[in-house]
Amino acid sequence: MKKVRCFLYSIILAGMAVTASAQQAPVNTIGDRFFPALGRVLTDDQRQSLRQIILAQRDRMRPLEQQLRTARLGLLGQISGGQFDENLVRQYAEQSARAESELTVIFARDLSQMQPPLSAQQIKQLKNFQPARFQDNQDDSGPPPESHFKLPLPLPRDTNDLPIVR
């Protein structure tokens, strides 16, 4: 009984820790949605300015984010439901696109109002961002890193293309 109680307490504590860390997530993560390198490029003053502007827009953004989630869940339901209705899928896709479009416009407006504005160097970094590479080491023209994942050799196959097990 004590083990079960300890287990339940540990689950509750873990849940509280996850909730606390989620509440402390930075507000500018919406910028990462549109420009993945934005968090690396902004100065502290720009980050604070953008955070304040975005917080002022939260009431407009929440219903759009909810519409986006609802449309994507509906689309997933149509894909996995077994009965495909093309018109309904198109409606969900259009609803999702409208919400995404409005969110993009809101963020672009917020980013244009940020003080101080983006410098030419920051814009260049945003344009040249490559998610697959490290930003600090772009001049490295050496060989790609070694793959530590080695696949075994394929098994020999018979005339029916079945593996021969010995």
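Kindly rank 33-40, 123-130 from highest to lowest mean number of other beta carbons found within 10 Å of each residue. Write down the numbers at each step before the final one.
Working: 33-40: 15.5, 123-130: 13.0.
Per-residue mean Cβ counts within 10 Å order the peptides as 33-40, 123-130.
What nm value, rounded to one decimal, do you get for the distance between GLN66 and SER80 when each label is placed 7 Å out toward the C-beta?
A separation of 2.3 nm, rounded to one decimal place.
Given C-alpha coordinates of region 24-104, what is the ratio Rg to Rh with the Kirkwood estimate of Rh? Working shown, then result.
Details: Rg = 16.1 Å, Rh = 14.4 Å.
Value, to two decimals: 1.12.
Per residue, how much accessible area does region 41-126 show when a 1.4 Å probe rolls over the protein heavy atoms, in square angstrom?
Each residue of region 41-126 exposes 64 Å² on average to a 1.4 Å probe.
The values are calculated or read from the model by the stated rules, or taken from the named source; none is laboratory data. This structure is a prediction, so every number in the text was calculated from the model and none was measured. Here Cβ is always computed from backbone atoms with ideal geometry, including for glycine, and neighbour counts include all displayed protein chains. The accessibility values were calculated without ligands, DNA or RNA, using every heavy atom of the protein model including side chains. Shrake-Rupley method; radii C 1.70, N 1.55, O 1.52, S 1.80 Å.
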